[in-house]
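Asks: Got a structure for you, questions after.
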Amino acid sequence: MALAQVILASGRSVELSVLRMAETYDGLLMGYPTREMNDGIVAEAVEQAEKDYPSFPVHLVEPPRESHEIRRPTFGPMEQLPRVLCTGFFTSEPVNPELDSVLHFSRLVVVWFQADSALPSPGTATPGLCDVPWDAKADDREV
């Protein structure tokens, strides 16, 4: 049984079977997040997903970034990502319509950021998560 189901903008239903969540700024002891820091966090999240799932395709949902003006820009302009970094393993029907859906499935590891620690659902999934280009990114596998 899946942890969650998401309906993509394309109408495809995908199931989440593995989910890892972490606080986006875990370990930030001083200062505030900047664009450069966020670029590193995003790149590291994708690299970690590729390392954890070496034979799986990985897709990044570009996170929204909020810029904030601060009174003393010691480290440069402040920029924030959503609070929770998520990495999920999703499966669905095969991308290739000629494959038997009893014997084949498609799969994709997705990295995204969201505001809270709630499981994605058809009505509450992060908008970017619903826009994953599944047919272009996922690959088909035999059961």
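The values are calculated or read from the model by the stated rules, or taken from the named source; none is laboratory data. Given the structure is predicted, the values throughout are model-derived calculations rather than measurements. Backbone-built Cβ (ideal geometry, glycine too); neighbour counts: all protein chains shown.
Asks: Would you tally the residues in the stretch 30-56 being of a type in the set (Lys, Arg) and out of contact with any strand residue (DSSP E or B) (no Cβ under 8 Å at 6 or more places or on another chain)?
Replies: The number of residues fulfilling the criteria is 1.
Asks: Right, here's the next one. Which one of these does Asp135 not meet: (1) in contact with a strand residue (DSSP E or B) (Cβ under 8 Å, 6 or more places away or on another chain); (2) within 28 Å of Pro64 (Cβ to Cβ); (3) charged (D, E, K, R); (4) surrounded by fewer than 17 Cβ atoms within 10 Å (Cβ to Cβ)?
Replies: (1)
Asks: Quick check on the stretch 16-29. Is at least one of its residues surrounded by 15 or more Cβ atoms within 10 Å (Cβ to Cβ), in contact with a strand residue (DSSP E or B) (Cβ under 7 Å, 6 or more places away or on another chain), more than 17 Å from Pro63 (Cα to Cα) and without any contact (Cβ under 8 Å) to a residue 60 or more places away in the chain?
Replies: no
Asks: Still on this structure, I have one more. Could you list, ordered by first residue, the pairs with Cβ atoms under 8 Å in which the first is in the stretch 119-142 and in contact (Cβ under 8 Å) with a residue 12 or more places away in the chain and among the aromatic types (Phe, Trp, Tyr) and the second is part of a loop (DSSP other than H, G, I, E, B) and crowded, with 16+ Cβ neighbours inside 10 Å, at least 6 apart or interchain?
Replies: Pairs found: Trp134/Leu8; Trp134/Arg12; Trp134/Val95.
Asks: Exactly one of these conditions fails for Gly76: (1) touching a helix residue (DSSP H, G or I) at 6+ places or on another chain (Cβ under 9 Å); (2) under 22 Å from Val111 (Cβ atoms). Give me its number.
Replies: Gly76 satisfies all of (1) touching a helix residue (DSSP H, G or I) at 6+ places or on another chain (Cβ under 9 Å); (2) under 22 Å from Val111 (Cβ atoms) except (2).
Asks: Of (1) at pLDDT below 95; (2) farther than 21 Å from Glu47 by Cβ, Gly128 satisfies all except one. Which?
Replies: Only one criterion in (1) at pLDDT below 95; (2) farther than 21 Å from Glu47 by Cβ is unmet by Gly128, namely (2).
Asks: Of all residues in the stretch 23-34, which are closer than 12 Å to Gln80 by Cα and at pLDDT 95 or above?
Replies: Matches in the stretch 23-34: Thr24, Tyr25.
Asks: When the stretch 108-130 is examined, which residues are found to be more than 11 Å from Val6 (Cβ to Cβ) and surrounded by fewer than 20 Cβ atoms within 10 Å (Cβ to Cβ)? Reasoning before the result, please.
Replies: Applying the first criterion (more than 11 Å from Val6 (Cβ to Cβ)) to the stretch 108-130 yields 108-109, 111, 113-118, 127-128.
If the condition is that a residue be more than 11 Å from Val6 (Cβ to Cβ) and surrounded by fewer than 20 Cβ atoms within 10 Å (Cβ to Cβ), then Ala115, Asp116, Ser117, Ala118, Pro127, Gly128 are the ones that fit.
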